[in-house]
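The values are calculated or read from the model by the stated rules, or taken from the named source; none is laboratory data. From a predicted model like this one, the values you see are computed outputs, not experimental measurements. Ideal geometry is used to build each Cβ from the backbone, glycine not excepted, and the neighbour counts take in all protein chains shown.
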Amino acid sequence: MSQRARRLERIGLAAVVFAVAVSCGGCATLAHGTHQTVLIQSEPTGAAVSVNGHPVGDTPATVRLSRRHRPHLTLTKDGYERIELRLDRHASRWMIADVAIAMNPLQVQGWDSVHDWPQHIAASVATTVGVDLLTGGAYAFPAVVRVPLTPLPSTTSSATAPTPAQPHH
C-alpha cells in the first residue's frame, strides 16, 4: 500500500471516529430531551401559576419546562400569601451513559499510539458532557412539585367597639 493510500485511510478513519463521537455526544440530550413536563400542585388547589412571569394556568397545572435553566415559579391565590421559588434541578442519570460512552477504549481504536488515548478520551468526555450541559440534557426536574399555601392573617379586628362616654352628674 502506498504512502498516499495509507494517509487517506487514516484520514477516513479519523473522519469516521469523529462522526461517531459527535453523533454519540449528548447522550442525555438524545435520550430524554431538553424539556420536561412537570406537575405543579398546591394545597389548597386553584392557585394561579406563572413560570418566568408568564401565566400557565391554575393548580394542579402541568407545564413543559426547559431543562437549560432553573425556572422561576410564582403561585398566587386570594386569601393566601404569594409564593415565589426557583425550581431546583439535579443531574440526570443519563450522564452516566455519557461518561461510559466517552471512556470506552474501543472508540480510540486505530490511533497510532496508546499514549494518545488519555487525551482522546478526555476530549470525548468533554464533548459528550459539554453538549448535555449546554442543551440542558444534563439536568432533570422533580416530576411533581407540591407547594403548600399559607393563609393571610385575618384583617378583621377582634377588639370590641368602644363604649360611649357616660355623662357625669
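Details
- The residue of the range 54-70 that is nearest to Pro153 (Cα to Cα), among those that are modelled with pLDDT of 95 or more and assigned to a loop (DSSP other than H, G, I, E, B), is Thr59.
- Looking only at the range 3-49, and only at residues there that are farther than 27 Å from Thr135 by Cα and among the hydrophobic types (A, V, I, L, M, F, W, C), the one that is modelled with the lowest pLDDT: Leu13
- Residue selected from the range 24-60 under the condition under 14 Å from Phe141 (Cβ atoms) and hydrophobic (A, V, I, L, M, F, W, C), by the criterion surrounded by the most Cβ atoms within 10 Å (Cβ to Cβ): Ala28
- Residue within the range 86-94 that is surrounded by 11 or more Cβ atoms within 10 Å (Cβ to Cβ), at pLDDT 80 or above, of a type outside the set (Asp, Glu) and touching a helix residue (DSSP H, G or I) at 6+ places or on another chain (Cβ under 6 Å) present: yes
- Check on Ile121, on the phi < 0 side of the Ramachandran plot and either modelled with pLDDT under 75 or assigned to a loop (DSSP other than H, G, I, E, B) (or both): yes
- Among the residues of the range 38-67, the one identified as within 28 Å of Thr127 (Cβ to Cβ) and without any contact (Cβ under 8 Å) to a residue 60 or more places away in the chain is Arg64.
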